[in-house]
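In what follows, a structure is listed as structure tokens, so that the remarks can point back to it.
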Amino acid sequence: MPVAFKPRHMVAAACLGGLFLVFAGAGTVTAQAVKQVPGTRAEIQYSFAPLVRKVGPAVVNIYARAEVTERRASPLFDDPFFRRFFGDVFPGEARKRTAQSLGSGVIMREDGLVVTNHHVIKGADEITVVLSDRREFDAKILLQEARTDLAVLKIETDGEKLPHLEIRDSDELEVGDLVLAIGNPFGVGQTVTSGIVSALARTALGITDYSFFIQTDAAINPGNSGGALISMDGRLVGVNTAIFSNQKGGGGSVGIGFAVPSNMVRTILDGVDKGNVVRPWIGVSGQTMTSDLAEQFGLPRPIGVAVTDVYPDGPAAKAGIRVGDVILNVGGREIVDEQALRYRVATRPLGGVARIEILRGGVHQVVEVSMRAPLTEPAPDLRDMIGQHPMSGARVANLSPAFALEHGLDDMARGVVVLKVARQSPAARVGLRPGDVVLKINDETIDLVSSLEPALMSANNAWRISIRREGQVLTTEIKG
């Protein structure tokens, strides 16, 4: 009898101290040429009104609509007799309804280029952008990227030049800087809130693949998503993305909001100009430094990333970075964890060189690493498996860093990955899932799709299949 793969652990969403992470809006960032604490009552009475008049027209409301199909199960579905014949796929009654979402956006160019959050427009059939003067425009999606939760829209204005925001280097921000958050919370209309940058480089949030957020206490609420975080010079320092919210309190602001830094927004806009987003990739993965590890490496405090894997022929490997090195900074920017390393590399100019400081054997060194696009070899060689073997019904492909990143997979993984499993196929019955990486068939190591099918067909009705799933190696034996 086939033995299904069974994961050893189940991961569930959990609340943190009664707080739930909610996509809604985020605040953050500010920077000014001269920073000074107010010293007199007159200075305290200064107003943000001139700044709001300048930047407010560049922040828009976004309404996204999508037609979705829902199935209402027939009462017969509860009858064991019908379930015996139809199982869990008894069709039921299909109904269509229109789902709507509300968010905010920022005009980044005078010709009508608008940046917002991916989750605001995800799956939308129609998108309407409403300017601050209440004019409405239909928008089309130029680019959307779940990995950063950013999207770029375009509205046609018949040559009219629109107010827009300039981007400020988000690395110039400091904790304590004043910022304004502008958006459309709860659909009440454009709203401005003020606060400070509460923290920088927040990474342990799990919101996007590039978690590196500005935290602010400016009030952010549902509907602020995609809105602007503005510095005191009137430039964009972040796009509000998420909040921590007390669920019992109705999901409103509790003073902890997060914004995608403007330097990441810049990479998205560059991608629009080039036709697609291609970020630098160096081919390393590692472990965030803990206190115990820092002591072993002779570091005065937990800082950096201990390299645990280096991709063969990748930029890091060619620069001489090895397993066991500790990456301390990239381009002079301190690296506190693996998410920070990923962000610092991703926001570097493609085609340039980054000076990376490492610690090796107690000695500090600086290596120059080329900022190159992810490797595209080996070619995917996409195949649907057929035949009398346990993987029949699985769609497989060769992994390359570029292919892995495109499909949301581990860019350091090598080998053959399962992309899709047909329902009720032999592959489904033995428990294969999308994302599984095939390691071995019996005693034969599987490196390429071209070696997978011959290994399956020569197994003589007895297969021992080893896969990697979520960091664990699982093995099952199947007899024909």
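Data overview
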{"item": "Residue in region 276-297 that is within 30 Å of PRO185 (Cβ to Cβ) and surrounded by fewer than 21 Cβ atoms within 10 Å (Cβ to Cβ) present", "result": "yes"}
{"item": "Residue check, PRO300 in a loop (DSSP other than H, G, I, E, B), over 25 Å from the mean Cα position of the chain (by Cα) and modelled with pLDDT of 90 or more", "result": "yes"}
{"item": "Selection within region 359-371 - in a strand (DSSP E or B), open to solvent by less than 60 Å² (accessible area, probe 1.4 Å) and touching a Lys or Arg at 6+ places or on another chain (Cβ under 9 Å)", "result": "ARG360, VAL367, VAL369, SER370"}
{"item": "Selected residue [touching a residue at least 40 places away in the same chain (Cβ under 8 Å) and within 21 Å of GLY271 (Cα to Cα)] from VAL345, VAL336", "result": "VAL345"}
{"item": "Residue tally, condition small (Gly, Ala, Ser) and open to solvent by less than 10 Å² (accessible area, probe 1.4 Å), over region 176-194", "result": "2"}
{"item": "Where GLY238 falls short, out of the listed (1) within 30 Å of LEU409 (Cβ to Cβ); (2) modelled with pLDDT under 90", "result": "(2)"}
{"item": "Condition met for GLY298 (touching a Phe, Trp or Tyr at 6+ places or on another chain (Cβ under 8 Å), touching a residue at least 40 places away in the same chain (Cβ under 8 Å) and at positive phi)", "result": "no"}
{"item": "Single condition GLY435 does not satisfy, out of (1) under 22 Å from GLY286 (Cα atoms); (2) among the small types (Gly, Ala, Ser); (3) touching a helix residue (DSSP H, G or I) at 6+ places or on another chain (Cβ under 8 Å)", "result": "(3)"}
{"item": "Answer from GLU470, GLU444, GLU477 - the residue that is over 13 Å from HIS389 (Cβ atoms), in contact with a helix residue (DSSP H, G or I) (Cβ under 8 Å, 6 or more places away or on another chain) and of a type in the set (Asp, Glu)", "result": "GLU444"}
{"item": "Test: ALA94 is assigned to a strand (DSSP E or B), in contact with a Lys or Arg (Cβ under 6 Å, 6 or more places away or on another chain) and modelled with pLDDT under 90", "result": "yes"}
{"item": "Residue within region 167-175 that is in a strand (DSSP E or B), among the hydroxyl-bearing types (Ser, Thr, Tyr), crowded, with 17+ Cβ neighbours inside 10 Å and at negative phi present", "result": "no"}
{"item": "Region 321-358, residues that are open to solvent by less than 30 Å² (accessible area, probe 1.4 Å), in a loop (DSSP other than H, G, I, E, B) and over 15 Å from ILE303 (Cα atoms)", "result": "ILE321, GLY352"}
{"item": "Of residues in region 109-152 being touching a helix residue (DSSP H, G or I) at 6+ places or on another chain (Cβ under 9 Å) and not hydrophobic (A, V, I, L, M, F, W, C), the one nearest to ILE62 (Cα to Cα)", "result": "SER132"}
{"item": "Positions within region 118-166 being assigned to a loop (DSSP other than H, G, I, E, B) and touching a His at 6+ places or on another chain (Cβ under 6 Å), in sequence order", "result": "ALA146, ASP149"}
{"item": "Where a residue in region 114-129 is open to solvent by 30 Å² or more (accessible area, probe 1.4 Å) and its partner, wherever it lies, is assigned to a helix (DSSP H, G or I), with Cβ under 7 Å and at least six apart", "result": "none"}
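Here is a yes/no grid of residues against (1) closer than 25 Å to LYS274 by Cα; (2) of a type in the set (Asp, Glu); (3) open to solvent by 60 Å² or more (accessible area, probe 1.4 Å); (4) in contact with a strand residue (DSSP E or B) (Cβ under 6 Å, 6 or more places away or on another chain):
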site	(1), (2), (3), (4)
GLN100	no, no, yes, yes
GLY103	no, no, no, yes
ASP111	yes, yes, yes, no
GLU136	no, yes, yes, yes
ALA139	yes, no, no, yes
LEU143	yes, no, no, yes
ASP149	yes, yes, no, yes
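The values are calculated or read from the model by the stated rules, or taken from the named source; none is laboratory data. Everything numeric here is computed off the predicted structure, so don't read it as measured data. Methodologically, a virtual Cβ is constructed for each residue, glycine included, from the backbone with ideal geometry; neighbour enumeration extends over all protein chains shown. All accessible areas refer to the heavy atoms of the entire protein, side chains included, with ligands and DNA or RNA removed. Shrake-Rupley method; radii C 1.70, N 1.55, O 1.52, S 1.80 Å.
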